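The values are calculated or read from the model by the stated rules, or taken from the named source; none is laboratory data. Not measured: the values here are computed from a predicted model. Neighbour counts run over all protein chains shown; Cβ positions are idealised from the backbone, glycine included. SASA here: full protein model, heavy atoms, side chains in, ligands and nucleic acids out. Shrake-Rupley method; radii C 1.70, N 1.55, O 1.52, S 1.80 Å.
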Amino acid sequence: MDESEIIPINDYDSDLESETDFKICINDSGSIDSFSDDFDFDISDDENDDLSQARNFYEIYCNNLSAPPPRFAFTNTPEIHLDFDASSGKMQYYEALIDNNLIDLIVHETNHYAEQTIGSSIPRKHSRSKKWEPTSKEEMPVFIALIILQGIVKKPTNEQYWSKRHSISTPFFSKVMPYRRFNLIYRFLHFSDNETFVTETHECPKLSKIWPVLKYLTIRFKEVVTPDRDVTIDESLMLFKGRLGWKQYMPLKRSRFGIKSYMLCESKSGYVWSLIIYTVKGTLFDEKYKHMCMSSQFVMTLMEPLLNKGHCLTTDNFYSSPELADILIQSLTDMYGTLKPRRKDVPKELLSKRIDKGQMIAYQRGKVCVMKWMDKKAVCLISTIHNPEVVQVQSHKNEIRRKPKAVWNITTQWVV
C-alpha cells in the first residue's frame, strides 16, 4: 500500500485538552521553538541528576497536530556499482560477491592446510589423505555449489547424497564430483593460516578460523551496493548445535540454537549491507563507541559508514532509546521504531499513564517524539520523523483500521 492510500485522522476518541491549553510549534529544523539549543543534548551517565533529560519532554495534545519533524536531507546516491547483463543469467550476482579473489584465497589456504596436516603426521596404510591432490580455482566453485545444494536437498549425512539406493538417490552429486574427492576437500577446507595466528594481535580471535572470508565479504557487501535512505537493524540466528563457547539460545527464534549476527539491511530490498557476529565478550565494535551500552554499540558500529548522509534507521525496542536518537540526530541520521518504556530518559508518564483502546499519548523533545498507543496491548514508539498522527489502513482481511502512522511505517519497513 502506498502512502497515498492512507487517510490521516486527527479526531481521537479520548478527551484531550484543547489546543489553546497547550501548543508546541515545530520549526523548519524539526525542533521545538521553545528550546534555544535543540540538539546540544547533555547525555549524562548520572541517573541521580535532577536535571535529567526526561524533564525536557513536553506533552503533545493530539486533537490538532503540527507538522511532523522533517527528515534530514538524503545526500547519498543509492545504486549498484556493477554492470549486470540481463542475458548472462543469475550466476553474475553470485560471482559479484564470491569472486575470483575469494576463491583463490580459499584454494590457497585449503592446499596449505592439507600440506601441513599430511606433512606433520604419518598416514595409515589405507588413509584417504594419501590420494590428496591440490584443489584448484576451477574445482572449488563446484565444491561450494554442492555445499549450497545440500542446504536445499537435506539428508542426515554426506554419504547419502552419493547413495545408489533408489529410494534416496540423488544422481546429480555423483555426476558432478566423486564422493571421495568431495570428502577430501571437505576434510581439508580452510580459510586461514594456523601458523600465523596470534591471539594477542588478531582482530577478532574467536572468529579467526573464518575471519579472512568474513572480512572480505563484509567489505564486498559495501562495495557492491550503496543502500537506499531507509535501512533496518535486527538480529539473525544461524542454526548451529555443535560445541561453541558463544553459541546462543533464543527460544523465540525458529532455530533456537545457533550463531547470532546483527545485520544492517536495506529496508526496500532486504540486502545485507553489513553484519557483526556476536561472540559475547570478544565482539568486534568500533573503539570510539565503547562507552555506550551494547545495543547502541551495535547500531553505531554498523551505521558508522552511513552517518551524516541523511539515512533513516528502523529498529526494535532492543536498540531504541532517546539517548540513541539524540546521538543519531547529531550525525544527521533519523530513526524510528518500538521502544521499551523503562528506558533511560523516557517520560515516566509513558509507563504509568493508562489509556483506553485506540487512544494515544505523546511527548516531544526537540526532534525526538515518544508515543504510547493502546491496541490490544500498549505499544510504545520513538521517532524523529513522526508526530502522533493516526491513519486509516486496510488490513489483510480487507478491514479498515486506525493506527498511528509510525506503526504503519514500521510494519512496512522491517524486512530482517
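Key figures
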| quantity | calculated |
| --- | --- |
| Members of the range 133-185 found to be open to solvent by less than 40 Å² (accessible area, probe 1.4 Å) and more than 24 Å from residue 98 (Cβ to Cβ), listed by number | 162, 163 |
| Filter result for residue 195 (charged (D, E, K, R), in contact (Cβ under 8 Å) with a residue 60 or more places away in the chain and not in a helix (DSSP H, G or I)) | no |
| Residues that are open to solvent by 70 Å² or more (accessible area, probe 1.4 Å), under 20 Å from residue 272 (Cα atoms) and part of a strand (DSSP E or B), drawn from the range 211-260 | 238, 239 |
| Matching residues in the range 307-319 - criterion: being over 23 Å from residue 76 (Cβ atoms) and out of contact with any helix residue (DSSP H, G or I) (no Cβ under 8 Å at 6 or more places or on another chain) | 316, 317 |
| Residue in the range 111-124 that is part of a loop (DSSP other than H, G, I, E, B) and either open to solvent by 100 Å² or more (accessible area, probe 1.4 Å) or within 30 Å of residue 261 (Cα to Cα) (or both) present | yes |
| Those residues of the range 325-343 which are under 10 Å from residue 383 (Cα atoms) and assigned to a helix (DSSP H, G or I), in sequence order | 325 |
| Unique residue being aliphatic (A, V, I, L, M), more than 25 Å from residue 217 (Cβ to Cβ) and in contact with a strand residue (DSSP E or B) (Cβ under 7 Å, 6 or more places away or on another chain) when the list is 275, 284, 313, 328 | 328 |
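The rows are residues; the columns are (1) of a type in the set (Gly, Ala, Ser); (2) not in a helix (DSSP H, G or I).
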residue	(1), (2)
373	no, yes
381	no, yes
387	no, yes
391	no, yes
398	no, yes
402	no, yes
406	yes, no
409	no, no
